[in-house]
1. Just to be sure, is G157 in contact with a Gly (Cβ under 9 Å, 6 or more places away or on another chain), farther than 19 Å from Y26 by Cβ, not in a helix (DSSP H, G or I) and not β-branched (V, I, T)?
2. List the residue pairs whose Cβ atoms are under 9 Å apart, where the first residue sits in segment 128-144 and is touching a residue at least 24 places away in the same chain (Cβ under 8 Å), the second is away from ligand 1 (no atom under 16 Å from the Cβ) and open to solvent by 30 Å² or more (accessible area, probe 1.4 Å), and the two are 6 or more positions apart or on different chains.
3. If you check Q110, Q73, which single one turns out to be touching a helix residue (DSSP H, G or I) at 6+ places or on another chain (Cβ under 7 Å), away from ligand 2 (no atom under 16 Å from the Cβ), free of Cβ contacts under 8 Å to residues at least 24 places away in the same chain and not hydrophobic (A, V, I, L, M, F, W, C)?
4. Pull up segment 1-42, narrow it to residues that are basic (K, R) and part of a helix (DSSP H, G or I), then point me to the one that is nearest to the chain's Cα centre (by Cα).
5. Report the residue count in segment 15-40 for those that are open to solvent by less than 30 Å² (accessible area, probe 1.4 Å) and under 18 Å from E93 (Cα atoms).
6. Among the residues of segment 5-14, count how many are in contact with a Phe, Trp or Tyr (Cβ under 9 Å, 6 or more places away or on another chain) and buried (at least 21 other Cβ atoms within 10 Å of the Cβ).
7. Which one of W36, W27 is among the aromatic types (F, W, Y) and touching a residue at least 40 places away in the same chain (Cβ under 8 Å)?
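The values are calculated or read from the model by the stated rules, or taken from the named source; none is laboratory data. Just so it is clear, the model here is predicted, and its values are computed rather than measured. Neighbour counts are summed over all protein chains in view; Cβ atoms, including those assigned to glycine, are modelled from backbone coordinates with ideal geometry. Surface accessibility is based on the protein's heavy atoms, side chains included, excluding ligands, DNA and RNA. Shrake-Rupley method; radii C 1.70, N 1.55, O 1.52, S 1.80 Å.
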Amino acid sequence: MGRGDDRVIELLNDILTFELTLINQYWLNYRMLDNWGLPGLAARFKAIALEEMADADAYVDRILYLEGHPNLQRLGTVQTGEDPLEQIRLAMEREAEAVERLNAGIALCQEGGDNGTRELLAEAVREEEEHLDYFETQLDAAERVGTQNWLAQFTEGNTDG
Ligand SMILES: [Fe+2]
Ligand SMILES: [Fe+2]
């Protein structure tokens, strides 16, 4: 019998799979966008991919603390997206899903009295809300000024930072 509630460990592994999938998706998007001559947008996807990596790291650490087995074998479907706008739309959908998933997880932790995990998830949900907000703002802007004008701002910049 481990230290953590099995349902919480399962939940953390589900979230971990989600994060690992998004790292791959955003990383591929970053390289594609850079290749399309949009380093400004590519840099944002790279930065967000690295934030998801830090999230994955925190979930692995928490699962080990709870004496569970972090599952790094499993990956969900990477939704590549065929153009920048579709990539943004897909990312927005995934971030909305992340927020929903984390809020459900927070409720489960509250029920089980696992305040440490609850706090970790509560911190994470704020970050995913910021990601969601970023992608929503981009979609709004593209709609407002037109896709070509919106894309023009991303031809400058670099992906090293
Ligand atoms: Fe994340
Ligand atoms: Fe995210």
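1. For G157, the condition - in contact with a Gly (Cβ under 9 Å, 6 or more places away or on another chain), farther than 19 Å from Y26 by Cβ, not in a helix (DSSP H, G or I) and not β-branched (V, I, T) - is not met.
2. Close Cβ pairs (under 9 Å, with a partner that is away from ligand 1 (no atom under 16 Å from the Cβ) and open to solvent by 30 Å² or more (accessible area, probe 1.4 Å)) amount to F135/R89; Q138/L85; L139/L85; L139/R89; A142/L85; A142/N149.
3. Result of the check over Q110, Q73: Q110.
4. First pass over segment 1-42, keeping only residues basic (K, R): 3, 7, 31.
Adding the requirement that they be part of a helix (DSSP H, G or I) leaves 7, 31.
Working: R7: 22, R31: 17 Å.
The selected residue is R31.
5. First, pick out the residues of segment 15-40 that are open to solvent by less than 30 Å² (accessible area, probe 1.4 Å): 15-23, 25-26, 29-30, 33, 38-40.
Retained after the next criterion (residues that are under 18 Å from E93 (Cα atoms)): 15-23, 25-26, 29-30.
Summing the residues that are open to solvent by less than 30 Å² (accessible area, probe 1.4 Å) and under 18 Å from E93 (Cα atoms) in segment 15-40 gives 13.
6. The qualifying residues number 1.
7. Details: W27 fails: touching a residue at least 40 places away in the same chain (Cβ under 8 Å).
W36 is the lone residue from the list that is among the aromatic types (F, W, Y) and touching a residue at least 40 places away in the same chain (Cβ under 8 Å).
Yes or no, residue by residue, for (1) under 19 Å from T21 (Cβ atoms); (2) at pLDDT 95 or above; (3) under 17 Å from the mean Cα position of the chain (by Cα):
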position: I63; (1), (2), (3): yes, yes, no
position: L75; (1), (2), (3): yes, yes, yes
position: R89; (1), (2), (3): yes, yes, yes
position: E123; (1), (2), (3): no, yes, yes
position: N149; (1), (2), (3): no, yes, no
position: E156; (1), (2), (3): no, no, no
